[in-house]
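The values are calculated or read from the model by the stated rules, or taken from the named source; none is laboratory data. All of these numbers come straight from a predicted model, not from anything done at the bench. Please note: Cβ atoms are built from the backbone with ideal geometry, for glycine as well, and neighbour counts cover all protein chains shown. We work out accessible area using only protein heavy atoms, side chains counted, and drop any ligands, DNA or RNA first. Shrake-Rupley method; radii C 1.70, N 1.55, O 1.52, S 1.80 Å.
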Amino acid sequence: MSQSTASSAEATDLTDFMIFLGIDSGTQSTKTIAVDVESGAILAQAQEAYDLIGGLPAGHLEQHPSDWTDATYKTVSAVVEQLGARKSDIKGIGVSGQQHGLVVLGSDDQPVRPAKLWCDTSTANQCQELANKFGGQPGVIAKAGNAMLPGYTAPKILWLKQNEPDHFAATKSVLLPHDYLNFWLTGVKRMEYGDASGMAILDVRKREWCADLIDAIDPRLHDLLPPLGSSSEAHGTLKPSLAAAWGLSNDILVSAGGGDNMMGAIGTGNVRAGVITASLGTSGTLFGIADQPVIDDQGEIAAFCDSTDLWMPLVCTMNVTVLTEKTRGLFSWELPELEKQINNTHAGADGLMFLPYLHGERTPNLPNGKAVLYGLTDANMTPAHMARAAMEGVTLGLAYGMKRFGDLGESPTEVRLTGGGSNSPAWRQIVADACGAASVCLQTSEGASLGAALQAAACHAGGGTFDHDGLESLTSRLVKLDESSRCEPNTDNQAAYAEQMTRQLALTGDLKSNGWL
């Protein structure tokens, strides 16, 4: 069922200004918003939910690409209907998509099989096989700048070749989820640097495909990849059939778009050094911006390109609100009760630690990891302590990323929060304390979809391309912080969490080395 809200009457009276649509296609739903780029107002929005494919073996997570296109069609239709006569002001569309998913198309340009998603961890063996061909992960990092991890796209392609050879043989095109939506919107197959860098076969230093890695998977892959180009260039123009169906003009620009983290960076104004974005969603990410590649020889920080033709160091954890929601469900609490219980416990949960690896983990690399409660005593064996430990455990995973940013020469002073977890004041304070930097939310929660709309607006303003200065000017005007949400780090808690992080990492390492994670 679509859900939609319209903007205020004051915003809808602005009839002389341009509107851009931002589409955010995620793992659980697709949302489309309409943004007036003069006022920054979100004039309309709609959301459509869908599910994962059920009944698959453990570690296999897949979706039908048709779920994304169906949801996109419905949400754009709903937004256009809400806009009424103002739909004629729509000038462009930008797409944000879940990263790393594998979409394979046949000769008829239809999916050969369902898409394997970012959270699919079934490719650990393929990761090891590919890494071994280059002397281990350091050799892969030397080739492309990133380690070969189960979440990435490259091992999924090798998995397809080895486990479903008929499907691999039938494959004529390899796309990422947002590329597939762009293709559906325009009829053009193309990749941009940002999302492509999450495949693990792009040399992020040169923004070129790494031929050695591609050959290690299959030489035929060279011919399956679409053209690769700048993230600042338009992807194409909306297909006449969709323009007619939605009652739009025939010159609607579709920008390059990007992965959800890349678009989230734009939508949170994270387009200059010193700012970090943290997403507290089902999974978690922490990322910044850099004017040169940030290569982590340990492979813990992803060395991605961003969607403005710069670079985006990023740490990803697979378990964030999934853990807090599971914990809340154990005690049948509504969200206000969860907040109350956490506020009634001390930082550090009186020694209780929750290793949060319910769905395996990417950072640290534990594709088959399990969650662990450690340090139970008579005093802390309570629902409140368990809830606090869960929230602290997932936050410390992201805070470790902040520490590694410092090790690599990045020194952020502010963390901009997005995702459902950012609605919790207690969680915002834990982030500030654990990361040692102020945390703050945005006035709108629409990070990725707003970023997609703003990228399209910048691209339209530049006549089909944009430069970084133009995009930064746009975001500085339209991305607004919610200063009432700002939390400054508590010095005492900061020291306690630094010690707790050391213990959490040591415990994880000990359990892993003994084969228990």
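Express the accessible area of region 89-147 per residue in Å², computed with a 1.4 Å probe while the remaining protein chains stay in the model.
30
Could you check what % of the DSSP bridge pairs in the chain are antiparallel, to the nearest 5?
Antiparallel bridges make up about 70 percent of those DSSP assigns within the chain.
Can you list the aspartates and glutamates whose alpha carbon is less than 14 Å from that of K133, not counting same-chain residues fewer than 8 positions off?
D212, D215, D218
Determine the relative contact order of the chain: mean sequence separation of Cα pairs under 8 Å and six or more apart, normalised by residue count, in whole percent.
Relative contact order of the chain: 15 percent.
Calculate for the chain the 222 nm mean residue ellipticity that helices alone would give, adding -39,500 (n - 2.57) per DSSP H run of length 4 or more and normalising by residue count, nearest 500 deg cm²/dmol.
-11500 deg cm²/dmol
For region 369-479, what's the relative contact order in percent, using C-alpha pairs closer than 8 Å and at least 6 residues apart?
That works out to 19 percent.
Among Q128, L181, L102, whose Cα lies farthest out toward the positive end of the dipole of the chain, if unit charges sit on the beta carbon of Lys, Arg (+1) and Asp, Glu (-1)?
Farthest along the dipole direction, towards plus: Q128.
How many angstrom lie between the C-alpha centres of region 408-483 and region 66-120?
That distance is 23 Å.
Per-residue HN-Hα couplings for region 46-52, Karplus 6.51 cos²θ - 1.76 cosθ + 1.60 at θ = phi - 60°, whole Hz, x for Gly and Pro?
Values, residue by residue: 8, 9, 9, 9, 7, 10, 6 Hz.
Could you tell me whether region 194-294 comes out rounded, prolate or oblate from its Cα gyration tensor? Rule is a ≥ b ≥ c as square roots of the eigenvalues, rounded for a/c under 1.5, then prolate if a/b exceeds b/c, otherwise oblate.
The shape class here is oblate.
Grab the Cα-Cα distance for D510 and N490, subtract it from 0.36 nm times how many residues apart they are, and report the gain in nm with one decimal.
4.2 nm
Quick one: Cα convex hull volume of the chain, Å³ per residue?
139
Pop out the carbon and sulfur fraction of the accessible area of region 81-137 as a percent, whole number, probe 1.4 Å.
Taking all protein chains in place, region 81-137 shows 44 percent carbon and sulfur surface.
With every protein chain kept in place and ligands, DNA and RNA left out, what is the accessible area per residue of region 372-485? Probe 1.4 Å, answer in Å².
Each residue of region 372-485 exposes 36 Å² on average to a 1.4 Å probe.
What percent does the relative contact order of region 170-217 come to when contacts are Cα pairs within less than 8 Å and at least six residues apart?
Here the relative contact order equals 20 percent.
Report the gain in length on full extension from L373 to K133: 0.36 nm times residue separation, minus Cα-Cα distance, nm rounded to one decimal.
82.7 nm
In nm, what is the difference between 0.36 nm times the number of residues separating H222 and R503 and their Cα-Cα distance?
Gain in length upon complete extension: 96.7 nm.
Between D482 and residues 5 or more places away or on another chain, which pairs have amide H atoms under 5 Å apart, with H built 1.01 Å from N, and which residues are they?
Those lying under 5 Å, H to H, from D482 are C441, L442, Q443.
Would you work out which of G54, T327, F405 lies farthest towards the positive end of the dipole of the chain, given +1 charges on the beta-carbon of Lys and Arg and -1 on that of Asp and Glu, about the Cα centre?
G54
In region 79-140, if every C-alpha pair distance is counted and binned at 10 Å from zero, what percent goes to each bin?
All Cα pairs considered, the percentages come to 16, 23, 26, 21, 8, 6, 0.
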